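First comes the structure, then the notes that go with it.
The values are calculated or read from the model by the stated rules, or taken from the named source; none is laboratory data. All figures in this text were calculated on a predicted structure; none of them were measured in a lab. Quick reminder, even Gly has a Cβ in these numbers, built from the backbone with ideal geometry, and neighbours come from all protein chains shown. We work out accessible area using only protein heavy atoms, side chains counted, and drop any ligands, DNA or RNA first. Shrake-Rupley method; radii C 1.70, N 1.55, O 1.52, S 1.80 Å.
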Amino acid sequence: MNIFRLLGDLSHLVAIIILLLKIWKTRSCAGISGKSQILFAIVYTTRYLDLFTTYVSTYNTFMKLVFIMTSIVTIFLMNAKFKATYDHNHDTFRIEFLILPALVLALLINNEFTIIEVLWTFSIYLESVAILPQLFLVSKTGEAESITSHYLFALGSYRGLYLLNWVYRYYAEDHYDLIAIVAGLVQTILYCDFFYLYITKVLKGKKLQLPA
């Protein structure tokens with residue numbers, strides 16, 4: 001554990017809290033991509049299978065359970081309780097075009113060819129592109145509410161902080177995982193345009209608009 005990983009985890013947790021509060025307080029899922037939420041649920045459930053085999057710490061176990069449970073709760077809210085507010089017409093990204101390549105890549109490029117390791121690698125590859133349906137939805141609708149923008153910024157910050165975590169671990173512990181680093185770089189790059197617009201528009205009280 002180091003400060004960058006801790007801040008990354010907290011940023012990730014803040015993103016989830018923002019999302020759930022937005023849905024619950026507004027009683028609406030408008031502007032939220034259910035496709036991205038499904039991808040995140042797949043990411044967490046395939047990544048944290050080691051909950052059944054390895055104990056690291058109470059903190060580690062708690063955070064893994066939180067990420068799994070909140071992703072399931074989010075999907076339930078979007079597809080059951082507040083289903084009428086979910087924008088199916090604009091949330092049309094074909095997520096199978098992300099899932100299948102990530103799975104094939106995990107089978108071909110991994111650190112160890114075991115079920116848990118391949119699924120962990122699959123989750124890393126898939127998470128790097130899981131935000132695409134959300135960005136696609138924002139681009140398609142033309143704008144995003146401030147609360148949705150805050151959620152995306154916190155989520156992107158989590159990945160950026162995790163990159164710093166890997167840099168720290170390389171110099172402090174002489175440890176690195178090339179798969180996680182490259183996937184993290186890809187994911188951070190996907191957020192770059194959004195970060196620029198967030199800083200120049202949302203923080204000045206303007207609505208965020210992504211180019212179609």
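Scanning the range 18-41 for residues that are assigned to a helix (DSSP H, G or I), β-branched (V, I, T) and either at positive phi or at pLDDT below 95 (or both) gives I18, I23, T26. Scanning the range 122-150 for residues that are of a type outside the set (V, I, T), open to solvent by 10 Å² or more (accessible area, probe 1.4 Å) and modelled with pLDDT under 90 turns up L135, F136, S139, K140, G142, E143, E145, S146, H150.
The numbered conditions (1) open to solvent by less than 50 Å² (accessible area, probe 1.4 Å); (2) closer than 22 Å to Q187 by Cα are all true for N60 except (2). Name the single residue, out of those in the range 42-58 being part of a helix (DSSP H, G or I) and in contact (Cβ under 8 Å) with a residue 40 or more places away in the chain, that is farthest from L137 (Cα to Cα). So the residue we want is D50. Scanning the range 27-41 for residues that are of a type in the set (A, V, I, L, M, F, W, C) and either touching a Gly at 6+ places or on another chain (Cβ under 7 Å) or more than 16 Å from V138 (Cα to Cα) (or both) yields a total of 4. Criterion applied to F52, F97, F76 was being open to solvent by 70 Å² or more (accessible area, probe 1.4 Å), at pLDDT 95 or above, among the aromatic types (F, W, Y) and farther than 21 Å from I23 by Cβ, and the one residue passing it is F97. Checking every residue in the range 177-191 against the condition of being under 25 Å from S28 (Cβ atoms), modelled with pLDDT under 85, in a helix (DSSP H, G or I) and aliphatic (A, V, I, L, M) gives zero matches. Listed conditions (1) under 15 Å from the mean Cα position of the chain (by Cα); (2) at pLDDT below 90 are all met by Q209, apart from (1).
Applying the condition of being charged (D, E, K, R) and over 15 Å from P133 (Cα atoms) to the range 31-51 and asking which residue is nearest to the chain's Cα centre (by Cα) yields R47. The set of residues in the range 105-121 being open to solvent by 80 Å² or more (accessible area, probe 1.4 Å) and of a type in the set (V, I, T) consists of I109, I115. Against the condition open to solvent by less than 70 Å² (accessible area, probe 1.4 Å) and free of Cβ contacts under 8 Å to residues at least 40 places away in the same chain, how does T70 come out, does it pass? So T70 does not fit the description; no.
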